[in-house]
């Protein structure tokens, strides 16, 4: 796996991943987990997703995430749309929460 430097707003994260998109997704996940308690959100209830702490965390991110194998602040970094990335992240979190719930209550 390659080493990737990801930058998005106030986020700067170094990780290893299979590809730039996976690095960006993992970086966003780590950042958001550091800001909010995922288990406290009812992901199937749209009203609880509009929580202030989740919105504040997302506002720390910019519109694009830059991913580079060379270093932070590189002009040749891959550019990934943050909104698309957060949509994918949200879908994965919901799937994982449902799976955990199913496994906990068979």
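What's the number of the condition residue 79 fails, among (1) over 12 Å from the mean Cα position of the chain (by Cα); (2) at pLDDT 90 or above; (3) under 18 Å from residue 30 (Cβ atoms); (4) not in a loop (DSSP other than H, G, I, E, B)?
Every condition holds for residue 79 apart from (3).
From the residues in the range 1-31 that are within 12 Å of the chain's Cα centre (by Cα) and free of Cβ contacts under 8 Å to residues at least 24 places away in the same chain, which one is surrounded by the most Cβ atoms within 10 Å (Cβ to Cβ)?
Selected residue: 13.
Do you know which residues across the range 32-45 are crowded, with 16+ Cβ neighbours inside 10 Å and either part of a loop (DSSP other than H, G, I, E, B) or at pLDDT 90 or above (or both)? If you could, list the steps in order and put the result at the bottom.
At the first step, the residues of the range 32-45 found to be crowded, with 16+ Cβ neighbours inside 10 Å are 32, 36, 41, 43.
Within the range 32-45, 36, 41, 43 qualify.
The values are calculated or read from the model by the stated rules, or taken from the named source; none is laboratory data. Please read all numbers here as calculations on a predicted model, not as lab measurements. With ideal geometry, Cβ positions are generated from the backbone for all residues, glycine too; neighbour counts draw on all protein chains shown.
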